[in-house]
DNA sequence: CGCATTTACGAAACCGGTTTCCATGAAGTT
DNA sequence: AACTTCATGGAAACCGGTTTCGTAAATGCG
């Protein structure tokens, strides 16, 4: 049904090998035959079949996409889907298509990402980190397959990662609150064992120390980045006075959960308690009051991940991880003291 | 590096053809050799290389994923990403992986989805409809490649689609408002030429007629489903009194835009104007007041799309399009009159 | 003009599977 | 015992490309 390279060769009066060389810019082909063949290709709209080419070259121009967490990270994730959109755009420009591995138990080889990468001969992988990284991810990262992770600070022979400078996230928040004359700061962090939570905690503790603010352990809890956990953490914080004057939640979703708890408790944001989230997802703008948050530059993260992966694929080893600066986005949930004075 | 079928054959002391027959359950192989070979496969973890198999069989077990709109529909879309998550789960269970076509100009063959489907030999395609469907999509739908669309009511030899019963969306809204004793109803619809907008308009007009409610054309506008357009439409509606008592926006995002305009105008929701959105995206719960909306059953849409596509691939022709019932989700932006009376 | 070198292209092996067709031998039949 | 039938498994062509290698023609040079 479809045209093969032999058809093209016959039409142009040359051998298949010659056609192949022309398509792949090998050189060693005369200008006139080149033109002749290219004309035929043009007219017929011929394009080499993927599987044949892939079989012969052992390359695929495919990037494997892996949602590595056992739970809850998928298309709907408001942070990662932004990163992905940006990544997809750039990686497409670089000439790759994206293969999404299914995660289902029913799939053969479900466990081993490495086996599936080899099976499809993907040129590289993007690994999106959820919580509770599966064993199979470590196996892949240790392999010779080029991989880039998002928010996943591991090491491997051809592995690197991008993430927001998480320590800076916390320090920006603390600095801002300090300048607003707020000292009583609570912190609802993400999953204890996740890379980003650990880094944010370090940043928090470090900058609290730096500004000479004492840390109240009763105001520090861990959630799982999702709304419900923010709600529960805030409930606990509000169980015993005194209350903090500000809460920093390590995700906007948890901030929304905290907001609910605060309002149920009859307190007002930001008059009684200031609230700062993290990520800057869409909903921040639609909530009332609009949520002040630390924006992660998701476009940049996706873009850097794409270029990093491309470099890794093209043989550049030992690419350093890339950290992206966060940005504080001031909205209504954390009114500056100055404004209140006016 | 990797094992081939020849290696397995050698190890088991049989021919490659025999191994292939065993893997693919051809029969005609004795029980003892079958066991012997399977043991070797088991031990080595051998798996046939994708491209070789695909080349030989002209199948790929791959589903092409196409975001068909020229603009603005991608991972971050709060409606489609839910559908996709559900679709991916089911289609994975059915044994497929998903190939995402890049949309970039830099990509060869960027225009023709059909060419790219043939190139990768995908077994079928899922087409997510944005606005302004590209020509290339029609070409694909007309082809022999099995395709399923979401919110894209076209016809083709092996094409079918899923969508919410859009007429019912409007009629449910009108009915609800009617029962709340509201007669002055405004309607901010989506893009004029999109399938869903046309159907929702039909449903709106039809049920307004049915309930004997007059339609005020000054209260009807078209947006593009995104927030800004809802804002602008509402501005126009509020430019000249009298104002409607309720607004139905054909997407939650436009409802949020309208909300902003209403509040800027000094009016209160729902006391002055009731507001009903459509889709039931996450932000509905986080907005204040929480947004009443018509929920589309995104999980079901994705699930049905997956099964529909699988049927089409397996040779079942002429699958009828599937319509999914919408559901009215009552929240605060549209307080029932009864409550107010109490 | 004759020889060495380079250029241009084709022949054929190869990538790793699938599938058709045929050979072999065991079992069944008369 | 001879012949047919059937179950089994191997040989080889094939899918559609790439790439090595060899050779004929074109070119350079003395």
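I'd like the FRET efficiency for residue A:25 and residue A:184, computed as 1/(1 + (r/R0)^6) with the beta carbon distance as r and R0 of 51 Å, rounded to 0.05.
According to the calculation, E is roughly 0.20.
Using a Förster radius of 56 Å, what is the FRET efficiency between residue A:36 and residue B:192 based on their Cβ-Cβ separation? Nearest 0.05, please.
In this case the efficiency is close to 0.70.
Please state, as a whole number in µm²/s, the translational diffusion coefficient that the Stokes-Einstein equation yields for the stretch A:86-195 at 10 °C and 1.306 mPa s, with Rh defined as the Kirkwood radius across alpha carbon pairs.
Reported coefficient: 96 µm²/s.
When the Cα centres of the stretch A:10-59 and the stretch A:167-220 are compared, how far apart do they sit, in Å?
When both Cα centres are located, 60 Å separates them.
If only Cα atoms are counted, what is the Rg of chain A, and what is its Dmax, in Å?
Every Cα atom of chain A included, Rg and Dmax give 25.8, 88 Å.
For label points placed 7 Å from Cα toward Cβ, what is the shortest-first list of nm distances from residue B:39 to its copies?
Result for residue B:39, in nm, nearest copy first: 6.4.
Using a simple spin-label model with points 7 Å from Cα along the Cα→Cβ vector, what separation in nm is obtained for residue A:132 and residue B:175?
Taking the simple label geometry, residue A:132 and residue B:175 are separated by 4.2 nm.
When only Cα pairs under 8 Å and 6 or more residues apart are kept, what is the percent relative contact order across chain A?
Numbers: 629 pairs, mean separation 57.6, N = 342.
Across chain A, relative contact order equals 17 percent.
Dividing the Cα radius of gyration by the Kirkwood radius, what Rg/Rh value follows for the stretch A:274-314?
1.26
Report the far tail of the P(r) of the stretch A:166-296, meaning the percent of Cα-Cα pairs longer than 18 Å. Don't skip to the answer; put the middle values down first.
Values: 3859 of 8515 pairs.
That tail contains 45 percent of the Cα-Cα pairs.
Expressed as an acute angle from 0 to 90° and rounded to the nearest 10, what is the orientation of the C-alpha long axis of helix B:227-237 relative to the principal long axis of chain B?
That works out to roughly 20 degrees.
Between residue B:316 and residue A:332, what's the calculated FRET efficiency when r is the beta-carbon distance and R0 is 56 Å? Round to 0.05. If you can, show how the numbers build up before the last one.
Details: r = 55 Å, r/R0 = 0.97.
Efficiency for this residue pair is about 0.55.
For helix B:298-313, what angle does its Cα long axis make with the longest principal axis of chain B, in degrees from 0 to 90 and rounded to 10?
On a 0 to 90 degree scale, this one is about 40.
Hey, what's the per residue convex hull volume over the C-alpha atoms of the stretch A:5-57, in cubic angstrom? It would help to have the intermediate numbers written out before the result.
Numbers: hull volume 3.8 nm³, N = 53.
Dividing the Cα hull volume of the stretch A:5-57 by its residues yields 72 Å³.
Using the 7 Å Cα-to-Cβ label point, sort the distances from residue B:271 to its equivalents in the other copies shortest first and give them in nm to one decimal.
1.7
Under the rule of -39500 (n - 2.57) per DSSP H run of 4 or more residues, summed and divided by the residues of chain B, what mean residue ellipticity at 222 nm is obtained, to the nearest 500 deg cm²/dmol?
It lands at -13000 deg cm²/dmol.
Sort shortest first the distances from residue B:325 to its counterpart in every other copy, using label points 7 Å along the Cα-to-beta-carbon line, and give them in nm.
Nearest first, the other copies' label points are 5.5 nm away.
How many nm separate the modelled label positions at residue A:210 and residue A:290, each set 7 Å beyond the Cα in the direction of the Cβ?
2.8
In bins 10 Å wide, starting from 0, what share of all Cα pairs of the protein assembly as shown does each bin hold, as a percent?
Binned Cα distances yield the sequence 3, 13, 21, 23, 20, 12, 6, 2, 0.
How much length is gained if the chain between residue A:4 and residue A:153 is pulled fully straight, taking 0.36 nm per residue apart and subtracting their Cα-Cα distance, in nm to one decimal?
Computed gain between residue A:4 and residue A:153 is 49.1 nm.
Values in this text are rule-based calculations from the coordinates and carry no lab data. Computed from a predicted model, the values in this text were never measured in an experiment. So basically every Cβ, Gly included, is an ideal-geometry build from the backbone, and we count neighbours across all protein chains shown.
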